[in-house]
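Asker: This is the structure I want to talk about, given as structure tokens.
The values are calculated or read from the model by the stated rules, or taken from the named source; none is laboratory data. All figures in this text were calculated on a predicted structure; none of them were measured in a lab. Neighbour counts are summed over all protein chains in view; Cβ atoms, including those assigned to glycine, are modelled from backbone coordinates with ideal geometry. For the accessible areas, the whole protein counts, side chains as well, though only heavy atoms, and no ligand, DNA or RNA atoms are used. Shrake-Rupley method; radii C 1.70, N 1.55, O 1.52, S 1.80 Å.
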Amino acid sequence: MTTYGLLVFEAAEELDFVGPWEVFTASAMLRDEDDKAFLVAEQPGPVRCAKGLRVVPDHTLDDHPKLDVLLVPGGRGARETQQHNPSVTGWIAKTAEQADWVTSVCTGSILLHAAGPARGRRVATHWSSEDDLEARGDVTVVRDARYVVDGNLITSQGVSAGIDMALWLVGRLHGRDHARAVRRYIQYEPAPPYMADTPE
């Protein structure tokens with residue numbers, strides 16, 4: 001059984017965690033396995049995300065099962081408040097030491113840098129934050145990849161790139177054919193990437 005813990009906080013970008021959530025839970029369903037995905041927040045009670053979606057965490061930082069996979073989303077909350085929140089950054093640091101895989105989407109990499117796991121590593125982040133993250137030092141920002149794997153650390157570019165990262169991870173855990181089956185199930189076929197470009 002694989003346990004996936006997805007951190008949420010005020011003003012987290014919704015698709016940063018909902019996209020991977022869909023991949024992880026579809027993976028479990030297709031394998032008929034009892035994998036567990038759950039949301040973790042600093043406090044119990046609803047969390048309002050960046051675009052207004054409200055979610056209720058399953059666990060707090062102090063009461064969750066051991067995580068095999070940690071996912072840290074980005075968004076305004078990551079950039080403006082959570083990187084300065086020692087409760088959250090301390091939890092990320094401690095949890096990352098025990099998890100098999102540490103992942104982030106978008107500016108979740110800023111939180112991973114603030115907490116420590118991204119330091120000295122190759123990482124991806126949202127295009128608008130690449131210069132900011134690089135300026136923090138002790139990190140190599142990769143600007144031309146949807147996601148970057150450095151050991152057990154996987155970071156992805158913004159928002160929808162988290163789906164690509166999550167598909168790679170379930171493929172790494174359960175095989176490429178399985179990842180393809182998950183992609184087919186969720187009908188993730190981003191080509192062409194912007195249908196409005198098609199002439200009428």
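Asker: Accessible area of the chain with a 1.4 Å probe: how many percent of it is carbon plus sulfur?
Answerer: C and S atoms contribute 48 percent here.
Asker: May I pose another question? Given labels modelled 7 Å from the Cα in the Cβ direction, how far is it in nm from TYR185 to ARG172?
Answerer: 2.0
Asker: Also: Can you tell which of GLN157, ALA12, ALA37 lies farthest toward the positive end of the dipole of the chain, using +1 and -1 charges on the Cβ of basic and acidic side chains (Lys, Arg; Asp, Glu)?
Answerer: GLN157
Asker: About the Cα centre, and with charges only on the beta carbon of Lys, Arg (+1) and Asp, Glu (-1), how big is the dipole of the range 5-89? Nearest 20 debye, please.
Answerer: Value, rounded to 20: 340 debye.
Asker: May I ask what percent, to the nearest 5, of DSSP beta bridges between residues of the range 3-186 are antiparallel?
Answerer: Here the share of antiparallel DSSP bridges comes out near 25 percent.
Asker: Among TRP127, THR3, ALA145, flag the residue with its Cα farthest along the positive direction of the charge dipole of the chain, charges on Cβ as +1 for Lys/Arg and -1 for Asp/Glu.
Answerer: Among TRP127, THR3, ALA145, the one farthest towards the positive end of the dipole of the chain is ALA145.
Asker: For the chain, what does the helix formula give at 222 nm: sum of -39500 (n - 2.57) over DSSP H segments with n ≥ 4, over the residue count, nearest 500 deg cm²/dmol?
Answerer: -11000 deg cm²/dmol
Asker: Moving on to the next point. Given a cut-off of under 8 Å on Cα pairs at least six residues apart, what relative contact order in percent is computed for the range 3-186?
Answerer: About 22 percent, as a whole number.
Asker: For the chain, with only Lys/Arg (+1) and Asp/Glu (-1) charged at the beta-carbon, what is the dipole magnitude about the Cα centre, in debye rounded to 20?
Answerer: 180
Asker: Which order do peptides 88-99, 158-169, 130-141, 106-117 fall in by mean Cβ count within 10 Å, highest first?
Answerer: Ranking, from highest mean packing down: 106-117, 158-169, 88-99, 130-141.
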